[in-house]
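Note sheet for the following structure.
Read-outs: derived from the displayed coordinates by stated rules, not from any lab. Please read all numbers here as calculations on a predicted model, not as lab measurements. Note that we place each Cβ from the backbone using ideal geometry, even for glycine, and neighbour counts take in every protein chain shown.
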Amino acid sequence: MSADVLTPAAAAALLYREALLLDSSRFSDWLDLFTPDVEYWMPAWRDEVSTTQDPDRELSLIYYRGRRNLEDRVMRLTSGLSIASSPLPRVVHQISNVVVLESGAGAGTVNAVFVCHRFDPRMGRTDCFFGRYDYQLVLEAGDWKIARKKITLLNDTIPTVVDINSI
Amino acid sequence: MKLADLIDDRPEAGIFRVSRAIFTDARVFEAEMRTIFEGGWVFLGLESQAPGPHDFFTTHAGRVPILVQRDETGALGGFVNSCPHKGARIALVRQGHARQHICPYHSWSFDSAGRNKAVKWKRAGCYSDAFLQDDQGLARLPAFGSYRGFVFGSLSANVPTLDEYLGEARKLLDLVADQSDDGLELVPGQVTFTYAANWKLQLENCSDAYHFTSAHPSYIRVLERRQQEMSADVVASVWENSDYWKEETQGIGGGSFSFENGHVLNWGVFGVTPAIPLYERAAELADRFGPAKRDWMFNMRNLTIFPNLQVAENASSQLRIIRPIAPDRTEMQTWCIAPKGESAQARRQRIRQYEDFFNPTGMATPDDTIAYENCQRGFAGKVAPWLQGYARGMTASVPGGNRFSDKIDLHPARSVLADSQLCDETLYHSYYRAWAQRMAGEFGA
């Protein structure tokens with residue numbers, strides 16, 4: 001198998017690494033996983049059964065094109081100036097059902113599911129978020145990077161706050 | 001418990017205080033549900049949520065599930081969303097299209113005008129005459145109506161007309177509705193969130209200019225970074241283009257208006273800037289309505305129609321419905337509200353600004369809702385029961401309007417003109433005076 005084909009093992013390794021970086025608040029390493037022009041998208045729900053499909057005409061929970069915007073999110077999250085973010089909640093991401101759907105020369109698409117448990121020490125409250133991930137990965141200088149990440153949050157009644165570290 | 005223990009309103013002494021108990025006490029909450037949310041006008045939704053015949057949407061009035069639907073002629077009706085047979089909800093989704101609703105429990109069916117179409121196995125049912133003479137249709141809301149596409153209903157018939165209830169605040173709904181000849185729509189994608197605190201914290205926060213630089217410094221820092229870079233890669237925000245909220249800004253930058261029945265507006269000057277998606281229609285709107293009204297459409301405006309509707313036009317445009325669940329739990333239903341027919345580019349700009357600022361997954365709202373939860377925890381302290389957050393602006397509040405309201409022939413009950421640091425708190429008095437009026441029958445004076 002050629003080295004520029006995305007294997008299931010390589011896909012899982014990247015997703016697990018992303019989860020570990022979020023769970024351990026290593027946000028600058030987390031940002032390094034994305035391409036500069038990444039599309040990072042968590043659609044809203046249009047009705048009981050379907051999410052919004054067109055981010056330009058319909059609302060998303062989060063939509064950014066460009067890693068630069070994720071850097072803003074990280075800056076806010078770690079600034080110590082956001083009462084919603086300090087102290088940071090404790091989170092664990094569990095990623096499973098990782099499936100490589102397509103793999104071509106230096107590019108691949110991946111599906112996975114996630115569960116994120118979050119404990120907010122300030123309120124003594126535990127919440128759980130779950131959903132699906134759709135990734136587009138590209139090979140850059142020998143490393144797989146995230147060119148697109150779509151997060152479908154299935155339990156979308158948001159308990160006060162959901163930030164990039166709990167999805 | 002007496003009303004005087006809950007609200008201490010003595011204008012002649014320069015005192016307005018609110019007891020922490022109004023945010024925590026279960027008897028107060030029960031009385032609020034009965035007299036305010038289930039005993040008077042509440043906002044239900046937009047007409048555009050049910051655009052054609054047989055279209056419907058569901059919502060709540062207090063704890064009561066409500067069905068708003070158009071009949072075959074297109075006439076809107078408001079009903080209790082509950083089967084008269086055993087009480088089950090008959091419409092189970094937020095929005096849809098149905099000539100008939102069939103109760104999922106025993107298959108009684110109802111047309112889009114709320115009439116009973118069939119009682120299953122009626123002839124075989126050995127019903128009494130008394131039953132057969134009864135009306136098996138859906139219960140209609142005793143009061144129901146809409147203004148400029150905003151739909152309201154009341155579970156009590158003992159209310160003023162909707163026009164009387166909204167009063168002068170109608171002109172502020174006009175500023176929203178007149179942005180397009182085709183009216184308003186909700187951008188697809190509803191966002192619902194909850195917080196562990198009282199509903200009145202949301203009521204107040206919308207009108208609270210005092211918290212912005214305190215609760216949102218992390219967002220302000222993001223804005224400053226974007227402003228320095230001027231990069232096309234970042235989400236543009238109208239706040240970057242406005243100085244009215246900055247503490248070093250001099251002169252009159254906005255203020256507040258209070259109206260009868262608890263409706264309030266706080267506002268600030270944004271100016272007619274391309275950072276606002278409506279900019280593409282700026283010239284057209286000035287031709288149509290005159291520059292003064294056009295300029296008001298571009299002002300930062302946070303409007304509350306008491307008790308449960310807020311339309312916030314600041315970073316973008318948001319419509320919120322406040323739904324109290326318990327004294328310490330509230331559900332917020334939120335939408336991006338937009339003029340129909342705006343360009344694809346303006347719509348995209350509006351949506352991006354909205355997500356960044358208003359979403360519970362964005363960079364500003366969570367710092368508000370977490371603050372509400374901190375307040376709710378703090379309200380447990382009743383050693384000094386009176387809250388002091390209703391005093392700013394006490395000596396600036398004047399009866400009637402001012403030169404800004406005069407420009408659009410708006411006649412508020414009271415007004416405050418403010419520089420960036422005044423941050424009026426007397427507009428909350430309007431909430432609590434309306435609240436006290438409604439609650440008077442529940443508690444002795």
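Summary table
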| quantity | calculated |
| --- | --- |
| Two-decimal ratio, segment B:44-106, of alpha-carbon radius of gyration to 2.2 N^0.38 Å | 1.04 |
| Cα coordinate range in segment B:81-239, projected on the principal axes (Å, largest first) | 79, 38, 36 |
| Only Lys, Arg (+1) and Asp, Glu (-1) charged, at Cβ; segment B:167-439 dipole about Cα centre in debye | 600 |
| Debye-sum result for chain B in log10 I(q)/I(0), which assumes one identical scatterer on each alpha carbon, at q = 0.13 Å⁻¹ | -1.22 |
| Kirkwood-based shape ratio for segment A:1-92, expressed as Rg/Rh from alpha carbons | 1.03 |
| Förster-model FRET efficiency, 51 Å R0, A:V113 and B:A13, C-beta, rounded to 0.05 | 0.25 |
| Segment B:42-147, dipole about Cα centre (Lys/Arg Cβ +1, Asp/Glu Cβ -1), debye to the nearest 20 | 360 |
| Dipole-positive endmost among B:V191, A:I151, B:F131 within the protein assembly as shown (Cβ charges, Cα centre) | B:F131 |
| B:A139 paired with B:S214, simple spin-label distance in nm, labels 7 Å along Cα-to-beta-carbon | 4.3 |
| In degrees, nearest ten, helix B:217-229 long axis to first principal axis of chain B (Cα) | 60 |
| Segment B:32-136: GluC sites (Glu not before Pro) in DSSP loop, at most 15 other beta carbons within 10 Å | B:E72 |
| Alpha carbon convex hull of segment B:42-147, volume per residue in cubic angstrom | 105 |
| Paramagnetic reach from B:M1 (point 7 Å along Cα→Cβ, amide N under 14 Å) across segment B:416-445 | B:436, B:439-445 |
| Dipole axis of chain B (+1 Lys, Arg; -1 Asp, Glu on Cβ), positive-most option in B:G62, B:I305, B:P160 | B:G62 |
| Contact order relative to length of chain B, as percent, for alpha carbon pairs under 8 angstrom and 6 or more apart | 20 |
| Segment A:105-144 shape via C-alpha gyration tensor axes, a/c threshold 1.5 | oblate |
| Per residue convex hull volume, Cα atoms of segment B:111-166, in Å³ | 97 |
| B:E164 paired with A:D37, simple spin-label distance in nm, labels 7 Å along Cα-to-beta-carbon | 6.3 |
| Cα→Cβ-extended label distance, 7 Å offset, between B:E280 and B:R63, nm | 4.7 |
| Order of A:R67, B:R10 under a 10 Å beta carbon neighbour criterion, fewest first | B:R10, A:R67 |
| Cα principal axis extents for segment B:279-425, largest first, Å | 58, 39, 25 |
| Segment B:138-228 - Kirkwood radius from inverse mean 1/r over Cα pairs (Å) | 17.4 |
| Relative packing of B:54-60, A:31-37, A:138-144, which averages over residues the other C-beta atoms within 10 Å, highest first | B:54-60, A:31-37, A:138-144 |
| 3J(HN,Hα) from dihedral phi, segment A:25-41, Karplus parametrisation 6.51/-1.76/1.60, rounded to Hz, x for glycine, proline | 6, 8, 6, 6, 5, 4, 4, 5, 6, 9, 6, x, 9, 4, 9, 10, 9 |
| Spatial separation of Cα centroids for segment B:97-162 and segment A:1-71, in angstrom | 47 |
| Listed peptides B:393-402, A:42-51 by packing density, highest first (mean Cβ within 10 Å) | A:42-51, B:393-402 |
| Prolate/oblate/rounded call for the protein assembly as shown, Cα gyration tensor, a/c under 1.5 rounded | oblate |
| Degrees between helix A:67-78 axis and first principal axis of chain A (Cα, 0 to 90, nearest 10) | 30 |
| For segment B:185-206 versus segment B:9-67, the gap between their alpha-carbon centres in whole angstrom | 13 |
| Normalised alpha carbon radius of gyration of chain A [divisor 2.2 N^0.38 Å] | 1.03 |
| Net charge dipole size for the protein assembly as shown [Lys, Arg +1 and Asp, Glu -1 on Cβ; Debye, nearest 20] | 1300 |
